[in-house]
Structure formats: structure tokens, C-alpha cells
Amino acid sequence: MVYTEKDKEISRYIMDNVPIMRIPAFKAIPHGKHSAKAIVTAIDAILTENEKVDFVPDIIVGHFPNPQLELVSKLKKCYQNAKTCIVMHGDNASLKRIYRDKLHKYMESIDMWGFRSEAIKCDFEKLIHPVERKFICYSGIPEDYITSSNIHSFSKPLNKFIYVGEMIKRKYPTSILYALQKVYPSTSFSLTYVGEGKEIDRIKKISKELGIDGNVKILGKIPRNDIKKCYDEAECMIMISKWEAYGLVYLEAMSRGCITIASRNEGMDGVIIDGFNGFLCEAGNCEELELIIKRINSLSSAERQIISNNAIETAKKLTDFKVAKMYIDDLLTYSVEEYVTKEN
């Protein structure tokens, strides 16, 4: 959901049969701290709404630390028996900048921490401090997106590549051009770009300078379900972006049997195991990407097929339903553990 206008009043609506109350929270500076008044107003609105329907939460969850860390911490004082959780999406450095000397006080009120990826968890524990109760909060894909039969044979070295995502600098869409031009000097490859963005003009310019513009196709933005066919026609999906919290396009490509190359120390760490179900490359590093493609091509057809099949099996474990169940189970497990401990 994208909001194009600033909210001034509390709004209520239903989404997926779940009642939602959206509370606007003012902050004077973008990415800065919310005002004390905004926090008090939000807490009062939450308490009033819950009292109306006689609702007392067992678990309080906040995604993103600003202002949720402060909100959840203060709501804990009102619902002392509730368990609390904050899920981090990669904005770890903002914690110290926003909360300063109050950071650890607020963190003491949080019972468990979720992280959108293994890389975000590692960065958090290095930058802030280790936490005892933690879990990875994955996103999933629709089960019907996953191929029922792997149509890729990989009988020959890779030569059909695809990039799916925004055409912006931090995703390094042009790095792929340099790598492929080095791997295939005879230009015996194709590269399809799916998506929109400011880097499209640079893609066109660089591909022409490298003499590979005839190998490059730019489709623009197309419906999600239509991208299935693009994955099926390709053999390898590449996006070596930085600051990637997760990236569902990787999982979608894997679910169709594409050999997938993602960024190391980014959102797919822990999902993609290098050489097992895909490959990992330093973000934006076209020299390493070149070596990875050569490495894949040096494998036997059977070895490439195994990696493709492993990718599909990984995607099967990360469907919408399964990751939602993992999320709920992770939250409930801690609550049940605490309840049992108290009862005993």
C-alpha cells in the first residue's frame, strides 16, 4: 500500500479480514525522531481503542524501530503481562541516532527480536549488542508461483540471463553488462531486464559502448505473474544489490529453477547457500561476478541441475503460508515458554 498524502486523522479499515487502525505520527525532520506529543497521542489512541472492545494483548509487535521501539516499550508498561517484539528491517544504525541515551532503557522492555535476514541480525548484534531471544522473519511467495516441473536442463553453459528489479544505482544493474561482456567475448548470450528506473538510460548507453546492445532486452515493468515466463525462458537470475533487506525476486527466480546470483552479506544470506542452491557475490563487484559465472559454467550439467533443483526445494519451504506460520510460531513459542516456566 502506498500513501500519497499526509494523514491528519486516525483512519480505520479492513484488510484481509483484519481490522486496522492507522494513526498518523508527526515528526519534524524526515527520518528523525517523532515528537513526544505524537507518541503520547498514539498510545492514548491505542489504549482507548482496546478498551472499547475489551481487548488486552498477549503479544505486542512493532516493525521498524522508529517510532515502534519507543511505542512498544511504553505500551509494555500498560500491558505488563504482554510479551513484546521488535522486527528489524535493516535500519540498525538509526537506533543510536534516534534514541541515544534512552536506547538501552527501551531495549530492556523488548522480550524478543526479529530480523528480516541473517545479515541484518549479524549487523545488529555487532553494532548494538547480542540478544538472547531472536528469530528470522522471512517473507514468502505464493505456493502456486513455484514450478511443478523444472523445465531447465542446463545441458550447455549458461547463456540466458535475467535481472528483475528497480533500475537504480544501489542494485548495480550495469555491473552485469561488464561481467557478461568479459565472460562471452563472442557475445553468445542474452540478458533481459525487467523493471523501471533511472539507470535504464545508462544500461542502454553502456551496452552500446560494449557492443552488446543486440544481446540486451529491456521489458520495463510487467505484471508479477507474467514474470514467471521470463524466469522460465532464462537460466540465471542476477541482482547483486546492496542494502537489500530481503528481496522476493530472488526467491521467485529460485522457485522457477533459475540459478540465482545474489549479494553476499545482504538479505539473502542464510537463504542462498553459495554453491548449494545459488551463488553469492560482493554487491556491485563485476569482476567477482565474472568469476562466478565462469565457475558455474565450469560445473557439469548434472551439478548445475542439482543447484537448480535445490533452489526450487528452498522456495517450497518459504511460501506465504509457511513463513507466516513460522512467524506466528516464533512469537508464540516464547510466550508459551514463559507461561510454562511461571506455572512450574
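The values are calculated or read from the model by the stated rules, or taken from the named source; none is laboratory data. Just so we're clear, the structure is a prediction, and the values are computed from it rather than from any experiment. So basically every Cβ, Gly included, is an ideal-geometry build from the backbone, and we count neighbours across all protein chains shown.
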Review point. What single numbered condition from (1) within 22 Å of Asn159 (Cβ to Cβ); (2) in contact (Cβ under 8 Å) with a residue 60 or more places away in the chain; (3) assigned to a helix (DSSP H, G or I) fails to hold for Tyr250?
Key: (2)
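For segment 28-46, which positions are exposed (fewer than 13 other Cβ atoms within 10 Å of the Cβ) and under 21 Å from Ser11 (Cβ atoms)?
So the first thing to find is which residues in segment 28-46 are exposed (fewer than 13 other Cβ atoms within 10 Å of the Cβ), and the list is 28-32, 36-37, 40, 44.
Scanning segment 28-46 gives Lys37, Val40, Asp44.
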Check your understanding: Can you tell me which residue in segment 157-172 is farthest from Lys205 (Cα to Cα), limited to those that are touching a residue at least 40 places away in the same chain (Cβ under 8 Å) and either among the acidic types (Asp, Glu) or not in a strand (DSSP E or B) (or both)?
Key -> Pro157
Point to revise | Qualifying residues in segment 62-81 (those that are surrounded by fewer than 18 Cβ atoms within 10 Å (Cβ to Cβ) and among the hydrophobic types (A, V, I, L, M, F, W, C)) - the one modelled with the lowest pLDDT | key: Phe64
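Table: residues versus (1) closer than 22 Å to Glu287 by Cα; (2) of a type in the set (A, V, I, L, M).
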| site | (1), (2) |
| --- | --- |
| Val183 | yes, yes |
| Lys204 | yes, no |
| Asn215 | yes, no |
| Tyr231 | no, no |
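What residue, among those in segment 71-107 that are of a type in the set (Val, Ile, Thr) and in a strand (DSSP E or B), is nearest to Asp44 (Cα to Cα)? Step through it out loud before you land on a result.
Taking segment 71-107 first, the residues of a type in the set (Val, Ile, Thr) are 72, 84, 86-87, 98.
Okay, now just the ones that are also in a strand (DSSP E or B), so 84, 86-87.
On the way: Thr84: 18, Ile86: 20, Val87: 23 Å.
Filtering segment 71-107 for residues that are of a type in the set (Val, Ile, Thr) and in a strand (DSSP E or B), the one nearest to Asp44 (Cα to Cα) comes out as Thr84.
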Check your understanding: Which residue, of Ile222, Ile218, Ile206, Ile227, is of a type in the set (A, V, I, L, M, F, W, C), assigned to a loop (DSSP other than H, G, I, E, B) and more than 15 Å from the chain's Cα centre (by Cα)?
Key -> Ile222
Exercise for review: Filter segment 266-284 for residues that are closer than 14 Å to Trp243 by Cα and either out of contact with any strand residue (DSSP E or B) (no Cβ under 9 Å at 6 or more places or on another chain) or not assigned by TED's automatic domain parsing to the domain that holds Ile306 (or both) and give the result.
Suggested key: Gly267
**Study point:** Total residues in segment 179-201, condition exposed (fewer than 15 other Cβ atoms within 10 Å of the Cβ) and either not in a loop (DSSP other than H, G, I, E, B) or not assigned by TED's automatic domain parsing to the domain that holds Ala245 (or both)
**Key:** 1
Check your understanding: How about segment 253-272: which of its residues are touching a residue at least 24 places away in the same chain (Cβ under 8 Å) and assigned to a loop (DSSP other than H, G, I, E, B)?
Key -> Arg256, Gly257, Cys258, Asn265, Glu266, Gly267, Met268, Gly270, Val271
